Amino acid sequence: MHLAANAIGHRSAEFAGTGGAALVHFIDEQLSHYLWHAGIVGLSWLLLQRAGRNSHTDRRGGADLAVAAGIIYGATYFAAIVEAGTAPLGVPFAVLVAGWVMVRGRRRLGRQPLVTFLFAAHAFALLSFLGWALYWRGLPEFSAVGIID
């Protein structure tokens, strides 16, 4: 949906200012971004719930790799949410995941790599959102502040 609407939007400059152009922009820049990120959020939540029911919590090890991977994913999550303008979905979800792990899954950190990964990812994303919001006094897209075109 996003790619198709984006392609149509780039080919319809002569329709600028019309209802059709407004519809294409809505589908491209709003609806498709939220659908795309709802899928990411939903998959992360399902993985976290599945890991929470995992009975293999006696093993230690692998936490360093899970944290490193989580930081990489958290940076990607932060960038995707900011540039897509889906902060109303992405930021609360990051708070939810980090909070859920701190309340219900803290004992699993270091013992369940998936829980550790998801916590590290969303905690890193939260710190990134906070830093970005403090610096820019909000969560503007990278393209809005001239970092990318």
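Derivation of every value follows stated rules applied to the coordinates shown; laboratory data play no part. From a predicted model like this one, the values you see are computed outputs, not experimental measurements. All Cβ positions, even for glycine, are placed from backbone atoms using ideal geometry, and neighbour counts span all protein chains on display.
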Ordered by residue, what ³J(HN,Hα) values in Hz, to whole numbers, does region 27-37 give under the Karplus form 6.51 cos²θ - 1.76 cosθ + 1.60, where θ = phi - 60° and Gly and Pro are x? 5, 6, 9, 10, 4, 5, 5, 5, 5, 4, 6
Spelling out what I want: for every residue of region 85-92, take phi, set θ = phi - 60°, compute 6.51 cos²θ - 1.76 cosθ + 1.60 (Karplus), and round to whole Hz; glycine and proline get x. x, 10, 4, x, 9, x, 5, x
Over the chain, one equal point on each Cα, no solvent: what is log10 I(q)/I(0) by the Debye formula at q = 0.15, 0.21 Å⁻¹? -0.81, -1.23
For the chain, averaging the sequence separation of alpha carbon pairs under 8 Å that lie six or more residues apart and dividing by its residue count, the contact order in percent is 27 percent
Dipole moment magnitude, nearest 20 debye, the chain about Cα centre, only Lys, Arg, Asp, Glu C-beta charged: 1100 debye
Could you list Leu130, Leu109 so that the one with the fewest beta carbons within 10 Å of its beta carbon is first and the one with the most is last? Leu130, Leu109
